[in-house]
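Contents: one structure, followed by commentary.
The values are calculated or read from the model by the stated rules, or taken from the named source; none is laboratory data. None of these values were measured; they are calculated from a predicted model. FYI the Cβ positions are ideal-geometry reconstructions off the backbone, even for glycines, and counts take in every protein chain you see. Quick note on the areas: whole protein, heavy atoms, side chains included, nothing else; ligands and nucleic acids left out. Shrake-Rupley method; radii C 1.70, N 1.55, O 1.52, S 1.80 Å.
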Amino acid sequence: MISRSSIRHLTFKRCRYQPANRRGLAAAASGNFKFQTGEAAGIKIASRDLSGPTTTLALVAKAGTRYQTLPGVADGLEKFAYKNTQKRSSLRITRETELLGGEISAYHSRENIVLQAKFLRDDLPYFVELLAEVAGKTKFTGHEFHEEVIPVLTLHQRRLLTSTRDLAHDSAHKVAFHRGLGVPLYTTSPTPSARYLTEEAISTYSTVAYTKPNIAVVANGANLVELSKWTGEFFKDYPTSGEAKKLDSTTSKYFGGEERISHDSGNSMVIAFPGSSSFTTGNTYKPEIAILAALLGGQSSIKWSSGFSLLSKAIPGQLGVAVSTTHVSYSDAGLLCVALNGGANGIRAASAEVAKALESVAAGKVSKEDISKAVALAKFRALEAEQEITYRLELTGSGLIHGGNPFQMNEVAKSIESVSVEQVAKAAKDLLAGKAAVSAVGDLHVLPFAEEIGLKV
């Protein structure tokens, strides 16, 4: 039970940190839906000051599995978030967050580790300090590693091994990019990673990951001046470079290829092609890829209708195959993925339609009406994703770290609207001319090889 003195201490901190320009619930909205950017203590920051009682804060670090120095250390570093620090115990962090009515979380992607907090707007100083402390002063104790981190990692491994969908997506990334973006999000076996994964290895990785050039602090629902003030105070002692070797930031290279994995828990197949980088970095940003993903489709956005997409019309429902086309973008690359899940015979029949659909787009045989529908759907998906705060904060933070721009929804929408029919056809033609990245997981006696469905690998 927390004593009254502890509660008074937190109340005192809240009062002490009160911003000068505090706004009530009835205050007028700023009307500014764009991120404002700046720098504090050598760290890039961005904020969108929307009217409201709550704030979402994220520390984005360029330290995902793509950049990890040893197998499993990115996942391990994420799992150490909010454990014992030099100032607070994990129990104290939990209790203080609960007293303030906040939420704290952490996750990692292929490019980033993200520490996130949601809280009442006036508690910004406390949570900026907390994220700075978690990233820079975690103890990485041996008992927490063995008793709390390793069991969670093992559970993730077991879940991944039973999911043919996740295995196929990781496999497609591996054959597409080999190392870097090809490294799986979670290790599938404890044996190889156990050789490298220790609390000392994770601690060493943290000194490389959490450095000033490598992180960004991004907020939704906070004043930029206030964010700059507290970031400058609590992050001022962060190092400008790591104690160990630097992260490998080699530019991603697409290879293509094929991998087949036998599995008895289901059947999945991913057919992938080189895509577009993120809008925030702009190195190889191609909005026509998003339109092509919507055009290929596979799942209808209208209930009781097969939809307008090429694959939803070409693949009959009686095959019992779930088909979807997605585009995942990274700082310097992307992957257009067609995923098929279901029975092995159904996937074999449905997968042959992918190359045919791309050929029809490349040949200009798709109606302008369907192209217009795909443009509208791609625009909607981009704007809908922008409304998802977690996605938006990571994308903005990643863009700032890589020297790009924050995620601005109006500019993304304009870029999609400006794409011509000819650009979409050319994109499809280029994909067919190059190599695909194909992964089949399940009954390999039935699931087809890439060349059997008209694809080059």
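Rundown of residues vs (1) open to solvent by 30 Å² or more (accessible area, probe 1.4 Å); (2) basic (K, R); (3) within 18 Å of the chain's Cα centre (by Cα), yes/no style:
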site: H327; (1), (2), (3): yes, no, yes
site: G334; (1), (2), (3): no, no, yes
site: R348; (1), (2), (3): yes, yes, no
site: A357; (1), (2), (3): no, no, no
site: I371; (1), (2), (3): no, no, no
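Candidates in the stretch 102-155 are the residues that are out of contact with any helix residue (DSSP H, G or I) (no Cβ under 6 Å at 6 or more places or on another chain) and β-branched (V, I, T); of these, the one that is modelled with the lowest pLDDT is T154.
Mind checking which residues of the stretch 151-160 are open to solvent by less than 80 Å² (accessible area, probe 1.4 Å) and without any contact (Cβ under 8 Å) to a residue 40 or more places away in the chain? Lay out the reasoning, then the answer.
Of the stretch 151-160, the ones open to solvent by less than 80 Å² (accessible area, probe 1.4 Å) are 151-154, 156-157, 160.
Of everything in the stretch 151-160, those that are open to solvent by less than 80 Å² (accessible area, probe 1.4 Å) and without any contact (Cβ under 8 Å) to a residue 40 or more places away in the chain turn out to be P151, T154, Q157, L160.
For the stretch 6-24, the criterion of being at pLDDT 85 or above, assigned to a loop (DSSP other than H, G, I, E, B) and of a type outside the set (G, A, S) is satisfied by no residue at all. Put simply, of L393, L340, L400 the only residue that is more than 28 Å from T280 (Cβ to Cβ) and either of a type in the set (D, E, K, R) or touching a strand residue (DSSP E or B) at 6+ places or on another chain (Cβ under 6 Å) (or both) is L340. The residues of the stretch 297-342 that are assigned to a loop (DSSP other than H, G, I, E, B) and without any contact (Cβ under 8 Å) to a residue 12 or more places away in the chain, listed by number, are I302, K303, W304, S305, S306, G307, P316.
Go over the candidates F255, F308, F279 one by one and state the one that is over 19 Å from the mean Cα position of the chain (by Cα) and surrounded by 18 or more Cβ atoms within 10 Å (Cβ to Cβ). First the steps, then the outcome.
Values: F255 fails: surrounded by 18 or more Cβ atoms within 10 Å (Cβ to Cβ); F279 fails: over 19 Å from the mean Cα position of the chain (by Cα).
The unique qualifying residue is F308.
Based on this model, can you work out whether L400 counts as at pLDDT below 95, under 28 Å from the mean Cα position of the chain (by Cα) and over 15 Å from A290 (Cα atoms)? Answer is yes for this residue.
All conditions but one from (1) open to solvent by 60 Å² or more (accessible area, probe 1.4 Å); (2) among the aliphatic types (A, V, I, L, M); (3) at pLDDT 50 or above apply to A61; the one that does not is (1).
Considering the stretch 259-293 alone, what residues qualify as being in a helix (DSSP H, G or I) and either farther than 28 Å from A344 by Cβ or among the acidic types (D, E) (or both)?
Going through the stretch 259-293, the residues in a helix (DSSP H, G or I) turn out to be 287-293.
Selection gives P287, E288, I289, A290, I291.
If the requirement is being touching a strand residue (DSSP E or B) at 6+ places or on another chain (Cβ under 8 Å) and on the phi < 0 side of the Ramachandran plot, which of these qualifies: V366, V328?
On the way: V366 fails: touching a strand residue (DSSP E or B) at 6+ places or on another chain (Cβ under 8 Å).
It is V328.
Figure legend. Inter-residue proximity from the stretch 95-123: first residues more than 30 Å from R179 (Cβ to Cβ) and of a type in the set (S, T, N, Q), second residues in a strand (DSSP E or B) and open to solvent by 60 Å² or more (accessible area, probe 1.4 Å), beta-carbon distance below 8 Å, spacing 6+ or different chains. Indicated pairs: T97/E103.
When residues in the stretch 282-301 are screened for being among the charged types (D, E, K, R) and open to solvent by 40 Å² or more (accessible area, probe 1.4 Å), 1 of them pass. For the stretch 184-197, a residue qualifies if it is open to solvent by 40 Å² or more (accessible area, probe 1.4 Å), farther than 18 Å from K246 by Cα and either assigned to a loop (DSSP other than H, G, I, E, B) or at pLDDT 95 or above (or both), and the qualifying residues are P184, L185, Y186, T188, S189, R195. Collect the residues in the stretch 198-247 that are of a type in the set (G, A, S), buried (at least 19 other Cβ atoms within 10 Å of the Cβ) and not in a helix (DSSP H, G or I), keeping them in residue-number order. Residues satisfying the conditions are A216, A219, G221, A222, G242.
Open to solvent by less than 50 Å² (accessible area, probe 1.4 Å) and more than 20 Å from the chain's Cα centre (by Cα): is that true of G142 in this structure? The answer is yes for G142.
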